[in-house]
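Read through the structure below, which is laid out as structure tokens, and then see the notes.
The values are calculated or read from the model by the stated rules, or taken from the named source; none is laboratory data. Quantities reported herein were computed from a predicted structural model and do not represent experimental measurements. Ideal geometry is used to build each Cβ from the backbone, glycine not excepted, and the neighbour counts take in all protein chains shown.
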């Protein structure tokens, strides 16, 4: 249950009210939603209903009728549009976020920046911290790479997307990152979700390795209940018994999530297939299915990449992707967001 | 290894040759491939290679370098195009096969036939024999429904696609069916595959419930090794740990199969999602990913369907699907196959 | 709903009654259950209930409260015990069924027969027809191997278990086979299930490649509704995303199935792991979890086996298995069924 | 490659050596292993091999021949035995770790403590921080519950096992916890693994929701490369397409892990089934398959549990489990570790 509070409530009044609710055994989150102050309460015992009914602070209540509260389309009918820098995600057009799996060097980043710039793409993703299955694999440049991203941002006005692996890491990235990525392996790292809920910048949340839709949306709910309403959901494939691709990209998640939730949904066909030759058809398919954007790995020389080279596009393939995806976007009544360079 | 035989070989010569090969321990299939006589031999011991090398009947040999022989793109570079009645599948355009899950009555079939007719669609699919999980669910009209399909064919020149559940069933359907469907639960019913290999009509082979790509192509290889070169592969979703859809539709199978094989690949978003509201976006996505066709369940009144009503489209939704899919097809450089009515 | 009929009903009366029930839209199976005549009716509309209530033929009705009827523990509380030859399966002791994956030769079968004989094991399993993923793999000796099994039976009084791949195949095996195996790939081959329902000999039904418990029990329900009450359920692992074993052996199926159903449950750790070094620990575990029996692949020389050699035990390992399993059986309050040779 | 260093190396020498190795592009971990100083280096370029060959600090090198280094049975043949308090895990006997899903109150903990005490069990597990799918579910008592665990430890000499959800959390638990649990959702929380690598106390690492054996062992490798050699592996079921249990308990992991690694392997049948009636048979099966221990959820009143009540045993069932498991342990040549009360 979501209680919409009246305006001009004194902090002390609010505290008393929250304590009363908590005393019923409910879990309670006060949330600022645009202009409105909300209190999300669940589960809803009769005692908790009583408190809500009696309280003079409550203007109205919203029952979403499900385990989802703030992520639910029943709570907010209209799509959430995320503004970050000059970019928008979820406004009906198709956004492309692109970059290397890992930031490797100034030269590598510069080459990719130029490519993106030429295509009118301004959402740059590059990892400094890489969650690698083996401790003996390249772990990313770490904070040593922060300067590279800062320069990129300063010079080209790119919006920077980068992954945080821990609460500590997250704090260090604030100021440089414009959007924090939470990776699949951390989708249910609830400490990190709570921290990112208070980060003040948008979060790109990737679906867990074998996560159901409920688990995915409830991970987003953690972010929102902890104060962050700017969440981007990213389908990136799930683990199945089929092995011709690295993961099985579940495009049905797009229309399903958009039906259930108001949050924007993007797709990562690079991890979703693990094979560069399958990235283009799956990127087209994602847009045809209604995705709000794509997350694409590109590398000036995939064969030399320190991680995930087999799924990274060459610059040529990337330009072809942009072109093909644009045509499909138009066919389904939208378009690709591209800024005329120089942006 | 595929051996291409010389022309004008006497049956007795061939028999001796095949016996020699079999004596080496190899499994051997003589196959007629268009004008050419082939012999597929596997596995290839040095003894078998010796027989092939020495035989005066062998014109040339083709090594596909994999477990796949006749299904492999290494054996045949160009796409297989399947002609059936006036329809073509795999010719570069997008074919729609549509109809009810089960043939229920003359009235139901007539209503759907009229709908398809109006959309210029001539591939009609309807099941007489339904493979149902429970013995207490509607099992289909059985042979009692054959007349309904025969009339449909006679009156409207529809190409009839219907499922065979067993060798016996297959024999009875020949003459009425134009394309035999082998369902997911029978993808590895090897007796049925062998029988359908000799059926003389095209086979629409659905991917098994949790089949890998190798298993799927090797099931097609059974059909081809037993003499049927007209095989249509149908992706219909696989069983995974995710349950927001009936199955997880694996669209990456489309570009993957088309890379590995020359056979046409179609997609069944009805079974692949199990929910009518997801059928349209996934149908668009399938075409964007390069599918040669779609298999769509439609029913005049889905709520009254005797099986699979929740995934069947209403006539209105079906018309919308045709329109939307056509636009995506054009965006990816192809088009929807539609016959101008009256066809 | 299961209706227990009164004794001494004339065929004509029964026919009228069944027609009345069918006319309500219900699916109806008359079944002989020991001394009793039953009619299973589902789904149960109010019209069908009316027919049952009014009919003078009905002595009593049993409502299992689920989709399961004849397989349900609610229908029959006591365990089904299957008597075949001198052997019993499901009587509280642990039965071992063993043999090669495929019957390869007289010599191979004789060597295994001697081994089993020495261990007091009299359930011999060997495949004549092998469901192989590739048409280019060894397909089994086929009917040519029937004589080998017949001799084995005649000489050693073994109970013969062998797989049927099709209805036709099933008919040919009757007379030689004592128990018909229906393999994983055919668990939902409903034509074969219906045929095996009328076969008159016990059926060993293996769980499908990715089958749920419901699907597994409903496949058994097909056998029972079509007249065969002697069904043995066999857990043999399911397909998952984990690949250190050929399949993931789901031992929780044992207590679950025994809770839901009265049918005996055996386990195949050979297919369930695909690696001979894991067969012993998993066989012990299966018995500790309450299995009624084990299905074990053994070969005089696994390295030379024409199929599945990597999962077949050597004679030495097999003898160790029998010994270890026996100790675990005793620890859980049962024992291994062993006949003192010569049996 | 693992390099065993000579004794009495000066810190400065070591630093130069490590820098040389790192300069070759290798990832390098210095590790203290009992009395020996090791350096683990991977991947192994020819340049890195050169450094190892030339260095006067290296006494010998060990090539495990795989991606695993410190976890590999090739590195250490004998089983790792973990001593903690008076308890031992991995010494050939079967250890039981038991307790509630979540610490709820002094009374609840006291009741369980008494039960365990009476059974001679001294490994107590109780969660203060619960990783819950929904933010609206009970999140555990948090640090407020620390005192309860401290008193338990002081009064009864229990060995305390509790879960850490984050690096911060881990630090706060040190001093109270004797063994830190890292849960399934955090198996690939690499920041947490690195921190726990330096925690100085044993880690109970649970297999991830859909983790392969390689991923599981490489997560343990993170702990070991970061300095913690006392790692307990815990199989707790994986996510599959089968839903009669909460997870599919993969008991084949026990013999597989014990073959590949020297680390102890325990099993959690509570999460592995999610249903209390299946816990006993699966606990027996785990021990029969060779598990070094069990992790069992028990609650004085499961129906009132704030989390996971459906999978918690009652005290009566728990006592029965101890008895049954003991019998199976003896049958497989081991025994249950039980301390004669008062311990």
Of (1) over 21 Å from residue D:135 (Cβ atoms); (2) over 15 Å from the mean Cα position of the chain (by Cα); (3) surrounded by 24 or more Cβ atoms within 10 Å (Cβ to Cβ), residue A:259 fails just (3)
When (1) in contact with a helix residue (DSSP H, G or I) (Cβ under 9 Å, 6 or more places away or on another chain); (2) within 20 Å of residue D:235 (Cα to Cα); (3) crowded, with 24+ Cβ neighbours inside 10 Å are applied to residue D:125, the one that fails is (1)
Within the stretch C:284-304, residues in contact with a strand residue (DSSP E or B) (Cβ under 8 Å, 6 or more places away or on another chain) and either closer than 21 Å to residue C:128 by Cα or touching a residue at least 60 places away in the same chain (Cβ under 8 Å) (or both) come out as C:287, C:291, C:292, C:293, C:294, C:295, C:296, C:297, C:298, C:299, C:302
Reported set for the stretch B:54-78 where residues are surrounded by 16 or more Cβ atoms within 10 Å (Cβ to Cβ) and either within 14 Å of another protein chain (Cβ to nearest Cβ) or under 11 Å from residue B:261 (Cβ atoms) (or both) is B:64, B:67, B:68, B:69, B:70, B:71, B:72, B:73, B:74, B:75, B:76
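Against the definition (within 11 Å of chain B (Cβ to nearest Cβ) and not in a helix (DSSP H, G or I)), how does residue C:137 come out, yes or no?
Details: within 11 Å of chain B (Cβ to nearest Cβ): yes; not in a helix (DSSP H, G or I): yes.
So residue C:137 fits the description; yes.
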Exactly one of A:144, A:110 is over 14 Å from residue A:179 (Cα atoms) and more than 14 Å from chain D (Cβ to nearest Cβ), and that one is A:110
Pairing a residue in the stretch C:1-16 that is modelled with pLDDT of 95 or more with any residue that is assigned to a helix (DSSP H, G or I) and surrounded by 13 or more Cβ atoms within 10 Å (Cβ to Cβ), where Cβ atoms lie under 7 Å and the two sit 6 or more apart in sequence or on different chains, gives C:3/C:52
Counting only residues that are facing chain C (nearest Cβ under 9 Å) and in contact with a helix residue (DSSP H, G or I) (Cβ under 6 Å, 6 or more places away or on another chain), the stretch B:169-186 contains a total of 1
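What tally of residues in the stretch C:171-186 results from selecting those that are outside any strand (DSSP E or B) and farther than 18 Å from residue B:164 by Cβ? Don't jump to the end; show me each part of the working.
Pass one, the stretch C:171-186, residues outside any strand (DSSP E or B): C:171-173, C:175-176, C:178, C:183-186.
Right, trim to farther than 18 Å from residue B:164 by Cβ and you get C:171-173, C:175-176, C:178, C:183-184.
Residues flagged as outside any strand (DSSP E or B) and farther than 18 Å from residue B:164 by Cβ within the stretch C:171-186 amount to 8.
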Scanning the stretch A:206-222 residue by residue, those closer than 16 Å to residue A:249 by Cα and more than 7 Å from chain D (Cβ to nearest Cβ) turn out to be A:206, A:207, A:208, A:211, A:212, A:213, A:216
If we keep only residues of the stretch A:19-30 that are under 18 Å from residue A:62 (Cβ atoms) and more than 28 Å from the chain's Cα centre (by Cα), then the residue modelled with the lowest pLDDT is A:26
Q. Any residue at all in the stretch B:95-111 that is modelled with pLDDT under 95 and in a loop (DSSP other than H, G, I, E, B)?
A. no
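Of all residues in the stretch B:275-294, how many are surrounded by 24 or more Cβ atoms within 10 Å (Cβ to Cβ), assigned to a helix (DSSP H, G or I) and facing another protein chain (nearest Cβ under 8 Å)?
First, pick out the residues of the stretch B:275-294 that are surrounded by 24 or more Cβ atoms within 10 Å (Cβ to Cβ): B:278-279, B:281-289, B:291-294.
Checking which are assigned to a helix (DSSP H, G or I) leaves us with B:278-279, B:281-288.
With facing another protein chain (nearest Cβ under 8 Å) added as a condition, the list becomes B:278, B:281-282, B:284-288.
Number of matching residues: 8.
Which one is modelled with the lowest pLDDT, of the residues in the stretch A:309-324 that are surrounded by fewer than 20 Cβ atoms within 10 Å (Cβ to Cβ) and more than 13 Å from every other protein chain (Cβ to nearest Cβ)?
Here the answer is A:309.
Give the residues of the stretch A:85-94 that are touching a helix residue (DSSP H, G or I) at 6+ places or on another chain (Cβ under 8 Å) and either outside the structural domain of residue A:326 (by TED's automatic domain parsing) or assigned to a strand (DSSP E or B) (or both), sorted by residue number.
From the stretch A:85-94, those touching a helix residue (DSSP H, G or I) at 6+ places or on another chain (Cβ under 8 Å) are A:93-94; that's our starting set.
A:94 - this is the single residue of the stretch A:85-94 that is touching a helix residue (DSSP H, G or I) at 6+ places or on another chain (Cβ under 8 Å) and either outside the structural domain of residue A:326 (by TED's automatic domain parsing) or assigned to a strand (DSSP E or B) (or both).
Conditions tested, residue by residue: (1) outside the structural domain of residue C:270 (by TED's automatic domain parsing); (2) closer than 21 Å to residue C:68 by Cβ; (3) out of contact with any strand residue (DSSP E or B) (no Cβ under 7 Å at 6 or more places or on another chain).
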| site | (1), (2), (3) |
| --- | --- |
| C:162 | no, no, no |
| C:186 | no, yes, yes |
| C:246 | no, no, yes |
| C:250 | no, yes, no |
Per the filter on the stretch C:187-203, residues assigned to a loop (DSSP other than H, G, I, E, B), away from chain B (no Cβ under 13 Å) and under 14 Å from the mean Cα position of the chain (by Cα) are C:199, C:200, C:201, C:202
Residues of the stretch C:140-168 being touching a helix residue (DSSP H, G or I) at 6+ places or on another chain (Cβ under 7 Å) and in a helix (DSSP H, G or I), in sequence order, are C:143, C:148, C:152, C:156, C:167, C:168
When the stretch B:248-274 is checked residue by residue, the ones that are within 20 Å of residue A:290 (Cα to Cα) and at the interface with another protein chain (Cβ under 9 Å from one of its Cβ atoms) are B:248, B:249, B:250, B:251, B:252, B:253, B:254, B:255, B:269, B:272, B:273
When restricted to B:93, B:60, B:66, the only residue over 23 Å from residue B:231 (Cβ atoms) and either touching a strand residue (DSSP E or B) at 6+ places or on another chain (Cβ under 8 Å) or touching a residue at least 24 places away in the same chain (Cβ under 8 Å) (or both) is B:60
